[in-house]
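For reference, the structure discussed in these notes is given below.
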């Protein structure tokens, strides 16, 4: 019960007028950061970090973590409206969110996304409140082999999903892997695939590829079909929120599963991106209307958003208790803790009770405030689709250019963005799936790194991936996911034979 | 705005073959790069080019299969009509120019001209609306990015002259 | 002891400022930034260099030390090569400074990118970062000698050393340790120092050479223990951290029979062809930063070595370090094929 008392004390701290003001400011800034491509959560928090220097650590972390929640909420907006995910974990949201918007259901999609985010975050916070110490020790079991197993599982639960010809899927995914490999090889410290071109030192950032492939590619497809963004008939009043809420409880199973996946991925810390892909992939397999995924199914928005937000929130736990960031944004927050003179780690929960519980209380409140803020804005966001195409298109193109530029402050990246745009148009027309390509760019180098770290540790033996119960379980889960359709078919045949 | 005339255009088959061959070429480039980085199994486990090499191989092989499948397929449909492609190019070409001049003129000036062009030529708005949006957007961008979030964006001689 | 170290550091800072006093007044009149100053970090967000840069940015903002904003930009591509090449290409742009770590030397040597520190203008050394040999607290090693004996006794490669990056400072120290012991580690590179420390807590590696700030939390939590510091003398900070032990109580590796010294530069450079006035402006700025209590606090929390250098002395130090790195990397076989 001591935890509960601490939590109430935390609420008292977070509910001080100054802290509430800071919270609101953080949420609004966060949503803006999430909406503008190129200013992701990590960048946004880093940029605003020095501003917090003169606040008390508790107010400072409340502001920065609220920016983080705001950015998580905001990332869904551009994914749904324009097919432009601002963060890697919003990619899976585009798969069903954007088709929904095109069908005039932008309001529903946004409501579902925001609400799911809130549910995911709430679940993760409750978990942090109740089982923090237990969970922290679980994270310690994750070495390179376990991490690779998690990435493996993410890939397996996602491939084999697309309806496109299998070899086109393979080609698309391999292009993604190849692009992810460009730049510095982190294991040998050697440059590869750069061909002496300085601009290629950075490799290909996911954001540039995604802005091009998804965002610009979509604008080109729209041009081909005539000058109109579909979805202009979206309902723009708040009733849509209530209507969507009535529908959402039907998907409680998907929500719960996504919450669990998200918490697990956030703690391990593999992060929100594999969580969102994995959750989407599994939902597609087990949902009743799974075959409709990709055509604008509300469940296809619920699954990735819940998981991403749960992971994003859970990622703060290993940061606080171990000092390992579970996401890039958490890494920046970690730097912040050190700047304010706090040392994240096992002692933080003991020595800085006010800070820790103030932060946890602000997770509850910040997410609630965030949900209210973004939900009231749903009609405004949906109304953006009514702006005529010939005004909104150049503005999107300019914003995309800014986004691509600000990743590495390089105009070369802006050129690459356009190249990716044309590529996205051609690939989509030729029936190549883009999702595996993006998944490979996002996770490819991490998976390779974990794989090679494991092999270094095991001195070259592949047995390391089945060396203990934890890693074997995850690998087997991955294999099951990979051969799921075959297993399902076999199962139904057995039943048919039995009957 | 789709042109209703059953117009001519490039065959889907031809374009797809072109794309597939381009992908295969990309695969070859990846293989060449990997060989440079070293593709064997060194003292520290796989060398830098080990994985990219097989990825490149996979790209080439799957492209070969895709090419074969694509050519075998009985598909007489058009990729797109010339009119449609003209529409697409009417965005691609100005955007390419926009992106190309950005390092020299800076982002703001280029964006103004680009937005104005797009709205005037494709949207046929009156000059007042065009001016409002094309000047308003870069100004807001400047305030948000450079003033508020302190993210520097590319600038050219005009900004230098204005002392921004 | 700590108090006096703190005070003497303060005094040094003040005397340095005073010594520069007359010239800096003239200098700041001679040149001042007229646009926002870009502060390049050749490493990712959240790392040691990034933390230092953002602390400086915070101090500058809080104490109003500059009229123009200081903007931190991460350019981490190619092990920092991206950032160095960017500053190298910004000739005659005095509104760009860069904070460096050892990758100033290691990146060009290991990757062969066309860059050398002489392409930039040295401004000042802010501090030196210490390296400490860490093991898991549950392990039976009580001092560096125990550990090195265990390393020698084990079969080659069975003891794992975790570190940040490949062919960079951590691996250089690892190779030096291997030479000293005549034994072999398996070196496993990770992305960041915090991750390395946690891998050690989880027993996925057997030892690390983390910077103090990266591992201090785990030390305080009783999960890790320090064996020795790679410096010529023990660190001066005597505030107890864990079990009544302070940074000061960690013996030098040399006293443990491991004659290895390694410190990492945390210094500032600016774009090529900067004038004397421009350099003087930044030297003056960093003197002011060093004099703030926030900076002192930061130095203490990371147990930094607070050596400060400017001008020719600094350039000479960097030149010597470059030679040393070249030798170390050559011996270890870390040079890019083209070199």
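Computed from the coordinates by the stated procedures, all read-outs in this text should not be read as laboratory data. Quantities reported herein were computed from a predicted structural model and do not represent experimental measurements. Cβ: placed from backbone, ideal geometry, glycine included. Neighbour counts: every protein chain shown.
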Label 7 Å along Cα→Cβ of residue B:161; segment B:99-141 residues with amide nitrogen under 14 Å? B:105-106, B:109-110
Assuming R0 = 41 Å, can you tell me the calculated FRET efficiency for the pair residue C:323 and residue A:260, based on Cβ-Cβ distance, to the nearest 0.05? 0.15
Packing-wise, with mean Cβ within 10 Å as the measure, how do A:373-381, B:154-162 rank, highest first? A:373-381, B:154-162
What is the angle, in °, between the Cα long axis of helix C:169-181 and the longest principal axis of the Cα atoms in chain C? Nearest 10 is fine, range 0 to 90. 40 degrees
Segment B:12-72: projected area of the alpha-carbon convex hull, averaged over directions, in nm²: 3.8 nm²
Segment residue A:285-residue A:131, extension gain: residue separation times 0.36 nm, minus the distance between their alpha carbons: 52.4 nm
What full-extension length gain, to one decimal in nm, is calculated for residue A:221 and residue A:354 as 0.36 nm per residue of separation minus the Cα-Cα distance? 42.6 nm
In whole angstrom, and with the biggest value first, how far do the Cα coordinates of segment C:247-336 range along each principal axis? 45, 37, 21
Amide N of segment C:296-339 lying under 19 Å from the label point, which is placed 7 angstrom from the Cα of residue C:261 along Cα→Cβ: C:304-310, C:313-329
Over the Cα atoms of segment A:95-154, what radius of gyration and what Dmax do you get, in Å? 17.3, 47
With 18 Å as the cut-off, how large is the P(r) tail for segment B:83-162, expressed as percent of Cα-Cα pairs? 49 percent
At residue B:86 and residue B:121, where each label point lies 7 Å from the Cα along Cα→Cβ, what is the point-to-point distance in nanometres? 1.3 nm
Unit-weight point scatterers at every alpha-carbon of segment A:16-147, Debye formula, q = 0.14 1/Å: log10 I(q)/I(0) is -0.76
Provide the FRET efficiency to the nearest 0.05 for the residue A:163-residue C:273 pair, computing r from the beta carbons and using R0 = 60 Å. 0.50
Let's test the formula: R0 of 56 Å, r as the Cβ-Cβ distance of residue C:315 and residue C:146. What FRET efficiency results, to the nearest 0.05? 0.85
Taking every pair of alpha-carbon atoms in segment A:361-499, what share in percent sits in each 5 Å bin, from 0 to the bin with the longest distance? 2, 7, 6, 9, 10, 11, 12, 14, 13, 8, 5, 2, 0, 0
Would you mind computing the Rg to Rh ratio of the protein assembly as shown from its alpha-carbon coordinates, Kirkwood style for Rh? 0.96
Mind putting together the pair-distance distribution for chain C? All Cα pairs, 20 Å bins, whole percent per bin, short to long. 31, 57, 12, 0
Percent of C-alpha pairs per 20 Å bin, segment A:2-498, short to long: 24, 58, 17, 0
Any chance you could check the Cα centroid distance between segment A:39-115 and segment C:260-318 for me, in angstrom? 38 Å
Once both axes come from the Cα atoms, what is the angle between helix B:50-72 and the longest principal axis of chain B, in degrees from 0 to 90, rounded to 10? 90 degrees
Kirkwood-based Rg over Rh for segment A:66-218 (C-alpha set), two decimals? 1.01
Cα long-axis angle, helix C:48-62 against chain C (0 to 90 degrees, to the nearest 10): 40 degrees
Give, to the nearest whole percent, the P(r) tail of segment B:9-156 beyond 25 angstrom, counting all Cα pairs. 60 percent
Exposure proxy check: A:108, C:261 ranked by fewest other beta carbons within 10 Å? C:261, A:108
